[in-house]
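The values are calculated or read from the model by the stated rules, or taken from the named source; none is laboratory data. Fair warning: this is a prediction, and the values are worked out from it, not measured in the lab. Every residue, glycine among them, receives a Cβ derived from its backbone with ideal geometry; neighbour counts consider all protein chains shown.
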Amino acid sequence: MENRTGKRENELGVTVVGGPTALLELGGLRLLTDPTFDPPGHYLDERLSKFAGPVLTPAELDPIDVVLLSHDQHLDNLDVAGRALLGRVPQVLTTPGGATRLGAPVRGLEPWESVELARPDGTTLRVTGTPAQHGPEDVDLGMHAEVTGFVLSAPDLPTVYVSGDNAAPSVVAEIVRRLGVPDHAVLFVGAARSPVIAGGRPLTLTSAAAVEVAGILGEARIVPVHMEGWRHFSEGAFVLRKAFADAGLLDRLLLPVPGERVVLQEGVRAVG
């Protein structure tokens with residue numbers, strides 16, 4: 001069966017847009033991660049500088065059914081244009097605190113809380129909120145550390161994990177223990193660092209930590225995002241690719257050309 005965009009509803013399609021923003025097509029739904037569409041420029045001061053914009057506009061991605069927003073507190077995850085987009089998307093899922101700050105109809109998910117999203121064929125896609133550790137575990141970043149990841153699942157579809165700004169492989173291990181090993185993962189990487197936060201220690205996955213996460217995720221195919229385009233990212237695609245190659249896991253890493261739609265997997269047949 002084809003959906004309204006002419007794509008098969010049982011396949012998983014991914015389009016990397018830039019920064020943390022990627023379009024996932026799954027079960028007839030179009031889900032957008034952390035919308036960031038502002039042009040390059042300085043934000044707050046030169047320590048938070050964006051030097052590469054998105055390769056696609058919101059209009060070029062329409063229709064968007066759901067936004068999966070890992071957190072609203074940081075401009076590199078939700079910028080001015082991204083906030084404007086939220087007002088015309090039917091469903092937005094984020095943290096409980098983010099839902100309070102952004103207001104209705106944004107919905108907050110506690111860790112391990114699930115919501116069923118209606119699919120065009122009358123079935124549902126389950127979205128489960130997952131914990132995320134935005135920075136070192138021994139540093140209290142207050143409200144700035146409130147981040148969620150997501151697991152997308154249905155009996156007839158591949159399972160997808162979207163990490164959000166998580167820096168801790170131990171968190172991923174707990175997610176796998178509770179929810180099982182996903183078929184695919186969208187990992188926010190880049191080893192983001194700030195000289196004024198956590199002593200410059202990484203706030204998101206380093207390349208070495210991403211390799212550790214790949215080991216936890218079994219055979220899951222990994223699509224990395226949020227590693228380039230901003231000054232505070234300390235490890236880009238070259239470093240990430242080398243780390244996976246050195247670990248013998250390069251076949252698990254997929255680096256799509258930004259703006260190019262890639263089909264990761266056909267949907268699996270429902271059991272029973």
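Against the definition (of a type outside the set (Phe, Trp, Tyr) and either more than 23 Å from residue 111 (Cα to Cα) or assigned to a helix (DSSP H, G or I) (or both)), how does residue 251 come out, yes or no?
Considered against the rule, which asks whether it is of a type outside the set (Phe, Trp, Tyr) and either more than 23 Å from residue 111 (Cα to Cα) or assigned to a helix (DSSP H, G or I) (or both), residue 251 comes out as yes.
Considering (1) more than 23 Å from residue 56 (Cα to Cα); (2) modelled with pLDDT of 90 or more; (3) touching a Lys or Arg at 6+ places or on another chain (Cβ under 8 Å), say which one residue 254 fails and leave the rest.
Single failed check for residue 254: (1).
Could you check how many residues of region 219-232 are of a type outside the set (Lys, Arg) and touching an Asp or Glu at 6+ places or on another chain (Cβ under 9 Å)?
8
Which one of the conditions (1) aliphatic (A, V, I, L, M); (2) buried (at least 23 other Cβ atoms within 10 Å of the Cβ); (3) out of contact with any Phe, Trp or Tyr (no Cβ under 9 Å at 6 or more places or on another chain); (4) at pLDDT below 95 does residue 192 fail to meet, given that it meets all the rest?
Of (1) aliphatic (A, V, I, L, M); (2) buried (at least 23 other Cβ atoms within 10 Å of the Cβ); (3) out of contact with any Phe, Trp or Tyr (no Cβ under 9 Å at 6 or more places or on another chain); (4) at pLDDT below 95, only one is false for residue 192: (3).
Say we look at region 56-108 and pick out the residues that are of a type in the set (S, T, N, Q) and at pLDDT below 95; which of these is nearest to residue 227 (Cα to Cα)?
Among residues in region 56-108 that are of a type in the set (S, T, N, Q) and at pLDDT below 95, the one nearest to residue 227 (Cα to Cα) is 77.
So is residue 271 in a loop (DSSP other than H, G, I, E, B), exposed (fewer than 15 other Cβ atoms within 10 Å of the Cβ) and modelled with pLDDT under 95 or not?
Yes: the conditions hold for residue 271.
Pull out all pairs, ordered by first then second residue, where Cβ-Cβ is under 8 Å, the residues are six or more apart or on different chains, the first lies in region 233-254 and is over 18 Å from residue 16 (Cα atoms), and the second is hydrophobic (A, V, I, L, M, F, W, C) and surrounded by fewer than 18 Cβ atoms within 10 Å (Cβ to Cβ).
Short answer, once both residue conditions are applied: 243/208; 244/250.
Would you kindly identify the helices (runs of 4 or more DSSP H) lying entirely within region 161-248 that contain at least 3 residues that are over 18 Å from the mean Cα position of the chain (by Cα) and under 25 Å from residue 74 (Cβ atoms)?
Result: 237-246.
Only residues that are within 17 Å of residue 12 (Cβ to Cβ) and among the small types (Gly, Ala, Ser): list them for region 181-215, please.
The one that is within 17 Å of residue 12 (Cβ to Cβ) and among the small types (Gly, Ala, Ser): 185.
Run residue 183 past the list (1) surrounded by fewer than 22 Cβ atoms within 10 Å (Cβ to Cβ); (2) farther than 17 Å from residue 252 by Cβ; (3) in contact (Cβ under 8 Å) with a residue 12 or more places away in the chain; (4) not hydrophobic (A, V, I, L, M, F, W, C) and report the number of the one that doesn't hold.
Single failed check for residue 183: (2).
Could you check residue 217 against (1) in contact (Cβ under 8 Å) with a residue 40 or more places away in the chain; (2) touching a Leu at 6+ places or on another chain (Cβ under 6 Å); (3) hydrophobic (A, V, I, L, M, F, W, C) and say which number it fails?
Going through (1) in contact (Cβ under 8 Å) with a residue 40 or more places away in the chain; (2) touching a Leu at 6+ places or on another chain (Cβ under 6 Å); (3) hydrophobic (A, V, I, L, M, F, W, C) one by one, residue 217 breaks only (2).
Would you check if there is a residue in region 112-121 being assigned to a helix (DSSP H, G or I), among the charged types (D, E, K, R) and farther than 21 Å from residue 166 by Cβ? Let's see the steps before the verdict.
Step one: list which residues in region 112-121 are assigned to a helix (DSSP H, G or I), which gives none.
No, every residue in region 112-121 fails to be assigned to a helix (DSSP H, G or I), among the charged types (D, E, K, R) and farther than 21 Å from residue 166 by Cβ.
Residue check: is residue 220 modelled with pLDDT of 95 or more and either closer than 23 Å to residue 69 by Cβ or among the hydroxyl-bearing types (Ser, Thr, Tyr) (or both)?
Values: modelled with pLDDT of 95 or more: yes; either closer than 23 Å to residue 69 by Cβ or among the hydroxyl-bearing types (Ser, Thr, Tyr) (or both): yes.
Criteria met by residue 220.
Listed here are the residues, each with its yes/no results for (1) surrounded by fewer than 16 Cβ atoms within 10 Å (Cβ to Cβ); (2) β-branched (Val, Ile, Thr); (3) farther than 21 Å from residue 52 by Cα.
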| position | (1), (2), (3) |
| --- | --- |
| 216 | no, yes, yes |
| 228 | no, no, no |
| 236 | no, no, no |
| 242 | yes, no, yes |
